[in-house]
Every structure is written in structure tokens, then in C-alpha cells.
Amino acid sequence: MVFKSLEQVLPIIEPPIVVGISGGVDSMVLLHAMQEKGFAPIAAHFNHKLRDESDQESELIRTYCLDTSLPFRSASGDVRQFAGEGSYSIEEAARILRYQFLFEVAVTEMAGAVAVAHHADDQVETILMNLLRGAGAKGLSGMQVVSIPNAWHETIPLVRPLLDVSKQELIDYQLEHNLPVIEDLSNQEEIYFRNKIRHTLVPQLEKLTPGFHQRLLQTAQILSAEDQALEYFCNIAWKTCRHSQGASYIQLSREELLDYPIAVQRRIIRKALKNLRPDNLELSFLQVEAALDFVRTPTRKSANWVAKVNLSQSPKLVVLSTWETDLVKNQFPQLLDHNHIQISDQGEISLGNGWYLIISPVEYSPGQFDRTEIPGEDFLVWMDRSAIMGNAVLRSRQEGDMIKPLGMGGSSMKVSDMMINEKIPAPYREDWPLISGKDMILWVPGGRLSQEASITGESESLVELKFIRRKK
């Protein structure tokens, strides 16, 4: 069964193949069988330095490879320190360092794949772990025989050629070929979640429903096929929703995203995060729901989300951006050069980031109406023409800026406070364009008009000020 499984997967992969070796039964069987069948394995071992026998394992593998003329690569790392720095569990920290090493070897050796020795019993445990932690179709379908792209590399596949081989079959193979092994005694310790599943839950389930093991694997195959179908449609939706993308940001069409079924919405959010933070291996259901709740709430303009990713949105766009990025400067109007630009009652001014201020006269007869703002337009306002004639400028925020918001009885407030109240995203406030009169701010786009620029019964003429964004 071992050879048959290898021959179903490995012939399509260009040699050599890096094989992750721990010194236990599973990986030693995989290494031996691959060599027997001529699949050009390169043994790669990462010493976690977590147990007294760790160095003994490394020496066993090194000696075996020397005796069998197999190429051997090894490394070690401080798993406990890495776990503390990244707030990982010891298990997760060891896994991350191990896989990083395996794929570094694969890149160096120009390998066609990285192979690991997960088997059918591991698959059952993984599915149960995912079920108990909460998972969708992808998690409940378990591990895939071939994963590409994966969390470690875009083009080098991670392969698991023994996924349909049982643990007992691997033990039988090891005994038949008298392979040297060192069993990891920590696999017996029930302080680890997987070990509790292995030694307690699985035997109880098999006792309760004989044949459960095989039926669970069959269910996983069904879910895997359905997950692949859903992923296919998600990739189509991704192309529709993705407005633009850079190294550290992704813009999504808010309307397109919300038009899709909830299952697709969740996958698009996950896909966006994986694009921005490929090293963020775990994304919980609640984190995805928090992001979608943000998108569904148009009054929310910005939020710190997860994995050092910010969320911000306008009526049309949702932006995910990493903390390190110089934020997406064309999502909102931004006056990047901080100049004072004189404005008149008609014309067009470029802000320099794809946004423009358009000023135009409004047909108006005194007493026709008392409306001062156009409902639902964050970046459009009508105001008394006399307010901007002579002294009005377009500029960014300055310390001490004040405004008398319409509807507050002539009371003044700080522009900085208005920006907070109107939920203008904090990273954009410094370059936010303002319409300023001689002594007071007349309008905060996305916020409110000043009483000093409002339309009254004495207004003789009006102008419309509108910020628009043009695609190149």
C-alpha cells in the first residue's frame, strides 16, 4: 500500500523532493520507500531542541542517510523563544519553524516539492481537531494530498503521499525493512490537544460507532470536492470584487462583495488577508465575521482588525491595508502637497492623488428652498457663493482649526473633533482637504458645512463643491 500511494502522487513531481524527517516511523518509512522507488529524496531534519532525545534523533537520521547515500540537510532553532515572541503555542511555533526550514531547503536545492509523512490516522485527528475548534468545508475536508499554493510557498507544492495509508501499515513496513526509528515520547503526553484526540476521543468514537474512522475519511472526501467547487466560484468572485491591489493593500468593491452569498463573502475576506499576511496561519470565524460586520455597517469608516491589518471604507470601497504600508492614498481625497490653493466660484483643482475638487454655480432663485446640504453625499455640498469669494482656500488641516457646524446654534468646535465624530479614518486626517475662509473652516468634506457658508434667505447665489475621484 505504501508503494502504491507513492506512485499515485510522486511521478508527476520533478525531482529532487525534500522530505521532512523526524526520526519516527512515519517519516523514516516515507524516506525509505521514496528511495526504493527512485524518487530522489533529500532528507531534511529540523531539531526543535525541545526534548532530551532531540540530538539523538538528529544523529540517527544523519547516520542513516550517510549509510544509505542519501543527501541530508539539517538545522535547529529556539522554538520556545520563537513561541514567546510571536504569541504561538509550542506546537504551532515548532511547526512554523520546521516548515520554513523545509521550504528554504527546497528553494536552495531547486526541489520539485516538499513531502511530509502525514497518514490516514493523522487525517482523522486533524478533521476532529478542526471540527472541535470550529471550521468550514475546507477545515473539515482535512489535509490535501497536494497543496499549492500553500502557506509556505506560491509555487513549490507541499505533498502528503501517505494520506490513504494507515498507521498500522506504516508500522508493518518499518518492521519488515528493519528501519531505525526513535519514537517521540511527547506523542504520548496528553497535554497536547492532538494527543488527547488520538488517545482518548478516537478510541471512544471507534468503540461507539465501529467503522467511524473510514466513514469520516469518506465524508472528508465529499467536503473536499465541494470545497474545491466553492473555491472555484470564489476565485471568479475575487476577480469581480477586487478593485485594486498593491504589495500592502487590497481594495474591494463594497457593493460587489455584499452582493455575493455569505459563504463567498467569507472566503473573499480570508483570501484578502492571506494575500496581505501569508504568515498569518489562523483566522477564526469570529475574526472573519467582525470584518464582514464592519463592511455591512456603512457608518463605520475604519477599524484595526487582525494580524496588524486595518480596515477602512467609503460608500463604494473597502480597503484592507497592513500597518507598515503608506496607506492607500487614493481611497479618500488627500491634499498631499499641503499647499494653500485659492478657489473661486467655478473651476477644477487636482489634489494630486486622483481626486479633484469641482466648483460650479447652482441655478437658484432666492427663497426657493432652505436646504443646505445634499443628503447622502459625503463629498458634495451647496453653499452661499459669497462665502468663498475673495478669501477661501483649499488646504489641509492645521493646529487649532475651528468650525461652526450648521445646526449648533453658532457654537464652535475643533475640526479635529469633527473628524473623530464623523469617523474620518485617523491615518487620512493629516492630509484631509478642507475649505477654509479667512478666519474659520467653511466645510469639512465627509463632515459638515459651517454656519458661515450656509444658505439663508439672504443668499443671492449658490455654488456646488464636489470632490470626485477619477481612474487613470
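Brief remarks on what is shown
- Screening H45 against (1) farther than 28 Å from P11 by Cα; (2) surrounded by 16 or more Cβ atoms within 10 Å (Cβ to Cβ) leaves a single unmet condition, (1).
Per-residue answers, yes or no, for (1) touching a strand residue (DSSP E or B) at 6+ places or on another chain (Cβ under 9 Å); (2) of a type outside the set (S, T, Y):
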residue	(1), (2)
G409	no, yes
E422	no, yes
M440	yes, yes
P445	yes, yes
L449	yes, yes
T456	yes, no
E460	yes, yes
R469	yes, yes
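- Single unsatisfied condition, G139 versus (1) at pLDDT below 95; (2) in a loop (DSSP other than H, G, I, E, B); (3) not polar (S, T, N, Q): (2)
- One residue stands out among those in region 396-453 that are within 23 Å of Q331 (Cα to Cα), crowded, with 17+ Cβ neighbours inside 10 Å and among the small types (G, A, S): the one that is nearest to the chain's Cα centre (by Cα), which is G446.
- Residues of region 452-472 classified as more than 20 Å from I359 (Cβ to Cβ) and modelled with pLDDT of 90 or more, total: 0
- Of all residues in region 219-269, those satisfying the criterion of being among the basic types (K, R) and in contact (Cβ under 8 Å) with a residue 60 or more places away in the chain are R254, R266.
- Inside region 5-19, residues that are closer than 12 Å to L162 by Cβ and either surrounded by 14 or more Cβ atoms within 10 Å (Cβ to Cβ) or outside the structural domain of L163 (by TED's automatic domain parsing) (or both) make up a count of 5.
- Counted residues, region 76-132 - those being under 18 Å from S54 (Cα atoms) and of a type in the set (S, T, N, Q): 2
- Residue check, V306 part of a loop (DSSP other than H, G, I, E, B), under 30 Å from A83 (Cβ atoms), β-branched (V, I, T) and touching a helix residue (DSSP H, G or I) at 6+ places or on another chain (Cβ under 8 Å): yes
Table: residues versus (1) in a helix (DSSP H, G or I); (2) touching a strand residue (DSSP E or B) at 6+ places or on another chain (Cβ under 6 Å); (3) not assigned by TED's automatic domain parsing to the domain that holds L10.
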site: D164; (1), (2), (3): no, no, no
site: D172; (1), (2), (3): yes, no, no
site: L179; (1), (2), (3): no, no, no
site: R194; (1), (2), (3): yes, no, no
site: P203; (1), (2), (3): yes, no, no
site: D227; (1), (2), (3): yes, no, yes
site: K239; (1), (2), (3): yes, no, yes
site: Q251; (1), (2), (3): no, yes, yes
site: V264; (1), (2), (3): yes, no, yes
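- Test: residue in region 29-47 that is over 18 Å from S147 (Cβ atoms), of a type in the set (F, W, Y) and in contact (Cβ under 8 Å) with a residue 40 or more places away in the chain: yes
- Residues that are modelled with pLDDT of 75 or more, among the hydrophobic types (A, V, I, L, M, F, W, C) and under 17 Å from E452 (Cβ atoms) number at least 1 in the following strands (runs of 3 or more DSSP E) confined to region 336-388: 380-384.
- Test: residue in region 120-129 that is surrounded by 16 or more Cβ atoms within 10 Å (Cβ to Cβ), in contact (Cβ under 8 Å) with a residue 60 or more places away in the chain and in contact with a strand residue (DSSP E or B) (Cβ under 8 Å, 6 or more places away or on another chain): no
- The criterion of at least 2 residues that are in contact with a helix residue (DSSP H, G or I) (Cβ under 7 Å, 6 or more places away or on another chain) is met by the following helices (runs of 4 or more DSSP H) wholly inside region 14-89: 25-36, 79-86.
The values are calculated or read from the model by the stated rules, or taken from the named source; none is laboratory data. If you're wondering where the values come from, they're calculated on a predicted model, not measured in any experiment. Ideal geometry is used to build each Cβ from the backbone, glycine not excepted, and the neighbour counts take in all protein chains shown.
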